[in-house]
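The values are calculated or read from the model by the stated rules, or taken from the named source; none is laboratory data. Bear in mind that the values here come from a model prediction, so they are computed numbers and not experimental data. As a convention, Cβ positions derive from the backbone with ideal geometry for all residues, glycine included, and neighbour counts pool all protein chains shown. Each accessible area value is taken on the protein alone, full model and side chains, heavy atoms only, with ligands, DNA and RNA left out. Shrake-Rupley method; radii C 1.70, N 1.55, O 1.52, S 1.80 Å.
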Amino acid sequence: MESIYFVMAWACHRKCVHCYEERFRPYTRGALERVVAEAEANFPRIIANLPERMTYLDPDDPLPNGSPREKIGRIILSGGEALLDATRERVTYRVIDALRDKYADQGGVRIAVQTTGDLVTPAIIGELLARGVWMISVAGVDDFHVGIAGAEKQAEYKARLTGMFSAAGMRPSGHASPVRAWHEEAGPVFNFFGATEGTWIGKIWPRGRAWQNGLSTATMADNFCARWSGGLNFLNHPYAGSEVSIEPDGSVYPCCVKTARPLGSLLEEKLVDILDDLAGDPVFEAINAGKPERMGIAHGWPVERFLAASQTTTPKGTDYANLCIGCDAFHRDVLGPVLAAARTRRMDRAGIEV
């Protein structure tokens, strides 16, 4: 598989107004221990159910004999905040070690750690690189992150971090974040991105606190599904272009935006088994093709109905329309029994009692 986005734990030290997930926030005392313990208990089962190899075939880069070239895939480790004191050693470092060991004799894997950046220190950089981390990706460079609003502060922020990364022998990535093949370059590398105007997430996903705060400016012309890290090609796991998102409870989604219902859980099933089972179903093939408006046709939801369901009013009382809204409605109203039946079918096939 080319790419997996693994949200390891919900805990974060920030509660950003534009965040796509309300569960990313500061936790204290017992609540903090519960989310850390969840991540700590679940990650071994999740990793055990990841693909046996994190490599993929790239038909656009053939070998001299015409067959697709095999390349090393990536796993992006995120939160919340992956470098929090509460989770860094109990979860993040142990996940990195487990992934490195799992794929050491299976073609390898490129591990990227995503962070807001403000907890990065030279010591932490050294600990990450010693574990074989290939990229450190700083995802919080935008005006929504308190303390670094404005071009001048962001330039200072990036310069300070660049100094630490460079001193550790890292170099800046030669690709921007939305470029699918950014993991093909040699590491260790670092990059910066954020929810800035004109970027791949600049329109802001209609999710979480961003939705509650009325921050998404996406329209019907903004098809998040058809973009990298959307649902496009998620089913095609042996080949270039496939990516899924995984939550701390093992839930699997076809996109980082997240559908209203998960496809399955890696606490009980292998990722490849879930994807192979859903391949061929018109609903998931529509997502796979980046055409979410067609996902309901086989269930009595013609495109016209889907587009109508994509129109709503924001919590702030303004009119809003985006294909993600229609996708949410279809998942809530129709797909519950479909996904439950698919799970039962897979459990029966595997001889597991539901």
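Quick rundown of the values:
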read-out	value
Relative contact order of segment 27-184, pairs being alpha-carbon contacts under 8 Å that are 6 or more residues apart, as %	19 percent
Segment 50-156: GluC sites (Glu not before Pro) in DSSP coil with no more than 15 other Cβ atoms inside 10 Å	GLU52
Relative contact order (percent, whole number), segment 277-354, Cα cutoff 8 Å, 6+ residue spacing	20 percent
Sparse-neighbourhood loop sites, trypsin sites (Lys or Arg not before Pro) in segment 1-105 - DSSP loop, at most 15 other Cβ within 10 angstrom	LYS15
Under the span-like rule (Cα at least 27 Å along the axis, Kyte-Doolittle mean at least 0.0), DSSP H helices of the chain	29-48
Simple Cβ-charge dipole of the chain, Lys/Arg +1 and Asp/Glu -1, about Cα centre, in debye nearest 20	480 debye
Segment 19-140, accessible surface, carbon-and-sulfur percent (1.4 angstrom probe)	51 percent
Segment 284-354: GluC sites (Glu not before Pro) in DSSP loop, at most 13 other beta carbons within 10 Å	GLU353
Which listed pairs, of LYS15/LYS316; LYS158/LYS203; LYS15/LYS270; LYS71/LYS258, have C-alpha distances above 21 Å, in listed order	LYS158/LYS203; LYS15/LYS270; LYS71/LYS258
Separation of the THR199 and GLU156 label points, Cα + 7 Å toward Cβ, nm	2.0 nm
Where the chain is the region considered: accessible area per residue in Å², 1.4 Å probe	42 Å²
Mean Cα-pair separation over length for the chain, i.e. relative contact order, pairs under 8 Å, 6 or more apart, %	18 percent
